[in-house]
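The values are calculated or read from the model by the stated rules, or taken from the named source; none is laboratory data. Since we're looking at a predicted model, the values are computed, not measured. Heads up, the Cβs are rebuilt from the backbone with ideal geometry, glycines too, and the neighbour counts pull from every protein chain shown. Remember, those area values only see protein heavy atoms, side chains included, never the ligands or the DNA or RNA. Shrake-Rupley method; radii C 1.70, N 1.55, O 1.52, S 1.80 Å.
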Amino acid sequence: MADISQNQPPGPDQILETALLDHGDMDPDALRRARRVCEETGDRLDMVLTRLGLASEQAIAAALARHLNLALVDGDDFPAAAVLEERLSVQFLRGARALPLAESESSVILAVADPLDGYTVDAVRLAAEKDVEVRVATPSAIDRALARLYGAAPESMGEIVDAAGAELQTTEEDIARLRDMASGAPVVRLVSHLINKAAEMGASDIHIEPFEQALKVRFRIDGVLVEMEAPPFALRPAIASRVKLMARLNIAESRLPQDGRFQFHVQGREIDLRVSTVPTLYGESIVLRLLDRGSIALELPALGFEGATLETFLSVLDQPTGILLVTGPTGSGKTTTLYSSLVRLNTGERKIVTVEDPVEYHLEGINQVQVRPRIGLTFANALRSLLRQDPDIMMIGEIRDLETAEIAVQAALTGHKVLSTLHTNSASATITRLLDMGVEDYLLTSTINGIVAQRLVRLICVDCSAPQPVLPEIVDELGLDRFFQGGAQPVLAAGAGCAACNGTGYRGRTGIVEILVMTDAVRQAIVARAGAQDVQRAAALAGMTTMFEDGLKKAVAGITTLEEVLRVTREG
């Protein structure tokens with residue numbers, strides 16, 4: 001019997017894959033990573049590609065237009081006045097991401113974001129009673145044109161604030177009134193507007209900060225804070241109370257810090273938000289961290305591990321016992337690296353347990369424990385209990401004290417693989433930190449397999465990337481000549497700034513990495529109680545590529561800029 005599936009026409013995702021691969025617009029490995037995320041989240045391929053920064057809207061639209069032999073249009077091709085306004089509702093056009101460009105006696109020219117959506121074309125054909133000629137445009141271009149022609153669909157900050165009206169006169173002391181206001185439509189819409197906007201812009205955090213005469217709202221985008229339009233200062237207690245209600249915190253308590261979390265539906269998917277409130281001089285400072293499982297590619301190459309660095313990391317990761325540490329400051333991607341490592345190690349033959357504070361993402365098939373110090377469930381207590389659970393692999397969210405470090409060492413000595421993080425600035429400084437904690441040098445040399453140090457750098461926006469000559473002084477100072485063959489004039493890349501990257505020239509982030517492997521030379525330096533610089537020197541002589549060197553390679557490859565590498569490594 002013939003396989004029925006072979007006779008089925010290709011779906012939209014398959015057509016997009018073919019369109020991107022046929023002309024080399026997409027790396028096959030990156031496409032495989034995106035497909036894996038699609039399977040986990042159920043999202044469409046084009047959404048995942050843009051969310052992960054693997055392809056821009058413009059690149060996807062151009063690939064589909066070329067593959068389907070359709071014309072690609074932009075803002076210059078859009079009409080000055082609405083076309084078929086009496087026959088096509090704006091709600092339909094917004095939902096379908098479609099825009100009629102022109103109408104003749106026999107046909108309608110229609111721009112669509114999804115040229116594979118036959119339903120939209122058929123609907124316009126029936127409504128107009130004419131043939132439809134399809135053009136391809138990016139979703140954001142169509143959204144901007146619809147907003148210009150029909151008015152903005154989402155409420156602006158000003159419209160939401162105006163709707164609040166007299167509610168601005170509420171006082172912080174009136175708790176009953178505050179609860180009513182926090183549940184009222186204007187404030188509900190305001191907080192929802194902030195979360196939706198942050199998710200749309202790819203922000204990782206929302207900072208709502210009260211100062212003496214103003215309320216500031218800032219989004220952290222690609223690791224950098226960007227100031228946004230803020231609501232009036234008088235709304236600060238209502239906004240704080242609304243966030244607290246969503247996170248099930250005590251709205252009557254404004255004198256003590258509080259932590260919570262909640263889920264929110266954004267753009268067809270659920271995201272987790274962690275909430276932290278802290279009392280300040282002029283009110284409560286609120287930070288919401290957006291944890292979007294669908295936007296995280298738990299694949300090591302997507303995190304900046306490539307070439308010899310990836311091979312070294314995998315050789316350390318695949319050792320059956322011992323400790324692997326990932327280090328760096330807060331926000332350097334340590335947890336994502338550990339989760340990616342666990343996903344690779346997660347097979348049916350291994351039992352994996354984690355102890356975390358907090359558990360950021362839920363991993364299928366892995367036993368994850370949330371630390372709760374208030375009831376005595378500390379890292380150390382949880383680890384002792386989990387050792388009796390017969391695990392093969394243990395992940396410790398962070399080694400914070402000697403007690404936790406000693407349990408990790410003991411677990412490694414008894415045949416377990418242990419993964420954990422520390423807050424240090426380099427791989428070699430991790431050794432010094434553990435020695436200062438009180439761990440014996442001979443235990444470190446016999447249990448640690450490798451130490452990874454990493455930072456996150458911003459990626460150059462693919463839509464506005466352009467060549468940029470490098471000053472000879474910088475070439476000499478950083479030794480860039482070694483990266484350019486045949487005496488070629490060193491030319492790097494930089495983003496000029498465009499709508500896709502909000503004028504920054506950057507969109508998305510990747511890692512720069514160094515991996516210290518426990519070689520005999522490194523062991524001798526540790527036992528001799530050498531300083532971090534001597535340990536670093538021994539590791540470099542054994543072949544370690546430093547973070548700075550890894551960053552320079554990525555800058556030369558056009559992935560990031562020298563400014564970014566210098567910013568996060570503080571070199572030069």
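Numbers for the structure displayed
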{"item": "First in the range 520-531 and over 16 Å from Thr447 (Cβ atoms), second anywhere and surrounded by 12 or more Cβ atoms within 10 Å (Cβ to Cβ) and at pLDDT below 90, Cβ under 8 Å, 6 or more apart", "result": "Ala521/Ala542"}
{"item": "The range 453-496, residues that are among the small types (Gly, Ala, Ser) and touching a Cys at 6+ places or on another chain (Cβ under 6 Å)", "result": "Gly495, Ala496"}
{"item": "Residue in the range 397-416 that is surrounded by 20 or more Cβ atoms within 10 Å (Cβ to Cβ), in a strand (DSSP E or B) and under 33 Å from the mean Cα position of the chain (by Cα) present", "result": "no"}
{"item": "Residue in the range 46-58 that is within 30 Å of Glu105 (Cα to Cα), part of a helix (DSSP H, G or I) and open to solvent by 20 Å² or more (accessible area, probe 1.4 Å) present", "result": "no"}
{"item": "Unique residue being surrounded by 15 or more Cβ atoms within 10 Å (Cβ to Cβ), modelled with pLDDT of 90 or more, hydrophobic (A, V, I, L, M, F, W, C) and farther than 23 Å from Leu16 by Cβ when the list is Val112, Val108, Val83", "result": "Val108"}
{"item": "Residues satisfying the stated conditions in the range 360-376, i.e. hydrophobic (A, V, I, L, M, F, W, C) and buried (at least 16 other Cβ atoms within 10 Å of the Cβ)", "result": "Leu363, Ile366, Val369, Val371"}
{"item": "Those residues of the range 276-332 which are part of a strand (DSSP E or B), among the polar types (S, T, N, Q) and under 26 Å from Met394 (Cα atoms), in sequence order", "result": "Thr327"}
{"item": "Failed item, numbered, when Gly511 is tested on (1) open to solvent by less than 50 Å² (accessible area, probe 1.4 Å); (2) under 24 Å from Asp436 (Cβ atoms)", "result": "(2)"}
{"item": "Residue under evaluation Arg482, criteria (1) open to solvent by 70 Å² or more (accessible area, probe 1.4 Å); (2) over 30 Å from Gly438 (Cα atoms); (3) in contact (Cβ under 8 Å) with a residue 60 or more places away in the chain, criterion not met", "result": "(3)"}
{"item": "Criterion: farther than 29 Å from Ala499 by Cα, over 22 Å from the mean Cα position of the chain (by Cα) and modelled with pLDDT of 85 or more - qualifying residue of Leu235, Leu215, Leu256", "result": "Leu256"}
{"item": "Ala493, sole failed condition from (1) under 21 Å from Leu54 (Cβ atoms); (2) in contact with a Pro (Cβ under 7 Å, 6 or more places away or on another chain); (3) open to solvent by 20 Å² or more (accessible area, probe 1.4 Å)", "result": "(3)"}
{"item": "Single residue of Val287, Val353, Val326 found to be free of Cβ contacts under 8 Å to residues at least 60 places away in the same chain and at negative phi", "result": "Val353"}
{"item": "Of the criteria (1) open to solvent by less than 60 Å² (accessible area, probe 1.4 Å); (2) part of a loop (DSSP other than H, G, I, E, B); (3) of a type outside the set (A, V, I, L, M), which one Thr354 fails", "result": "(2)"}
{"item": "Residues being touching a Gly at 6+ places or on another chain (Cβ under 7 Å) and of a type outside the set (Val, Ile, Thr) - total across the range 433-473", "result": "10"}
{"item": "Selection count, the range 464-494, where residues are in contact with a helix residue (DSSP H, G or I) (Cβ under 9 Å, 6 or more places away or on another chain) and under 13 Å from Ala555 (Cβ atoms)", "result": "12"}
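Here is a yes/no grid of residues against (1) open to solvent by less than 10 Å² (accessible area, probe 1.4 Å); (2) of a type in the set (D, E, K, R); (3) modelled with pLDDT of 90 or more; (4) under 20 Å from Leu422 (Cα atoms):
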site: Glu306; (1), (2), (3), (4): no, yes, no, no
site: Thr321; (1), (2), (3), (4): no, no, yes, yes
site: Leu338; (1), (2), (3), (4): yes, no, yes, yes
site: Glu349; (1), (2), (3), (4): no, yes, no, no
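Matching residues to (1) more than 28 Å from Thr430 (Cβ to Cβ); (2) open to solvent by 70 Å² or more (accessible area, probe 1.4 Å):
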position	(1), (2)
Gln468	yes, yes
Ile474	yes, no
Ala499	yes, yes
Val522	no, no
Ala525	no, no
Ala540	no, no
Leu566	no, no
